[in-house]
Structure formats: C-alpha cells, structure tokens
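Shown next, in structure tokens, is the structure this report addresses.
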Amino acid sequence: MKSINDILRVLEKQEKWQEQPFQRLLKCWAEVVGPVVATNTRPLSIQRDVLSVATSSAAWAQNLTFGRTSLLLKLNKKLPAPLVDIRFSTAGWQNPSVERKQQQTVSPHDHPSYLGDEISRPGATPTKDVNTAFGNWTKIMRSRSHNLPLCPQCQSPTPPGELQRWQVCSVCAAKQFVKQNS
Ligand SMILES: [Zn+2]
C-alpha cells in the first residue's frame, strides 16, 4: 500500500511537470523575440496551448499579433509541447506585485478597532517603550469610548468589532497573545 507521502510526492512531480512549459518559455522568450520586444512584453501564462503575453502598449500588441506566426515557429522549436497561438494584450502589463500590494491594503474601516474618523490612532508621541506606548493607547481608547459594550475580561468599553473578532477587547487579546507566545 502506498503511503500518503508517496502520493503527495507523485502529485508534486506532476505539478512541476505541468508548469514546466511556461518556465521553459520564460527562459527562451527574450532570446527568441530579441531585446527590444522583450522589454515591451511579458509572458503571463500558457492555457490550453495558447500563450498569453502582456504588452506595454496597444501598438505593440497589434504588431506582434501580425507577426505571431513566425514567432510561434521559433518558440515551438524550443518548447516541449507546441503552442497553437499567442494572444497579445496590454492587460496584465502593470506590475503584478504592485497590484497585489494595492489589493492587500486594508482600509482602516475594516480594522476591528475602527471607531470613526474623529478618533485618531496614537502615534503623535512616539516612544520606544512598548509598554508606555501601549498604556497611552489604552488610555486614549478608553477615554474616547462612550456607549460601547464592555469587555467581558477587563470591563472596559470596547469597540464591537473587537468583541466580534477576539471576544475580548484588543488590550486583553494582545495580553493573551503575548502570554501564548512567551
Ligand atoms: Zn479587556
């Protein structure tokens, strides 16, 4: 009987094998298209033997689309599985890592401690002492908290978002976290 580890190893190999054509393509792309085209294009993926390539402008997409047959011939000499077509488009040209960063940016409204725009976060008085900073923040938060539910652990007014997320206030949640990790 095969162990789960054996099966996982086989799956892992298959996965590597499947991504290989695109890795191979990336390696030979600049060489096949030349340095000028290479700087204005970025291969994105191979799906059903169709290569998607992002271009820096619509004009590049158009020119390369016209010349794609000879490009296909050159590429297919280097690839383990032949491509049937190439699609050029300006979509996806923007740096994907920048896009990812923008998506990850969390609005302060989404933070469980968010109470409203009139309450600013501490930080006006920078201090290197974490405990002092934390104490200041706690004071600020508590002095500004009105008509809020109470934390079941320390009985201080707590933003509902914090109770929803941690069942206690952020201060108690942080203390628990520190205890767990020390
Ligand atoms: Zn608490």
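The values are calculated or read from the model by the stated rules, or taken from the named source; none is laboratory data. Just so it is clear, the structure is predicted and the values come from calculations on it, not from any experiment. Glycine gets a Cβ as well: all are built from the backbone with ideal geometry, and neighbour counts include every protein chain shown. Heads up: the accessible areas ignore ligands, DNA and RNA and are worked out on the full protein's heavy atoms, side chains in. Shrake-Rupley method; radii C 1.70, N 1.55, O 1.52, S 1.80 Å.
Restricting the first member to segment 161-182 and to residues that are assigned to a helix (DSSP H, G or I) and open to solvent by less than 30 Å² (accessible area, probe 1.4 Å), and the second to residues that are of a type in the set (S, T, N, Q) and within 10 Å of the ligand (Cβ to nearest atom), the beta-carbon pairs closer than 8 Å and six or more apart or on different chains are 162/170; 170/158; 171/138; 171/156; 172/153.
The residue that is most open to solvent (accessible area, probe 1.4 Å), among those in segment 63-103 that are at pLDDT below 85 and assigned to a loop (DSSP other than H, G, I, E, B), is 94. Note on segment 147-182: residues that are under 11 Å from residue 113 (Cβ atoms), within 9 Å of the ligand (Cβ to nearest atom) and either among the charged types (D, E, K, R) or touching a Leu at 6+ places or on another chain (Cβ under 8 Å) (or both) total 3. The condition of being among the hydroxyl-bearing types (Ser, Thr, Tyr), more than 28 Å from the chain's Cα centre (by Cα), surrounded by 12 or more Cβ atoms within 10 Å (Cβ to Cβ) and modelled with pLDDT of 85 or more holds for only one of 158, 138, that being 158.
I need the full set of residues from segment 41-59 which are out of contact with any strand residue (DSSP E or B) (no Cβ under 6 Å at 6 or more places or on another chain) and under 22 Å from residue 79 (Cβ atoms), in order please.
46, 47, 48, 49, listed by residue number.
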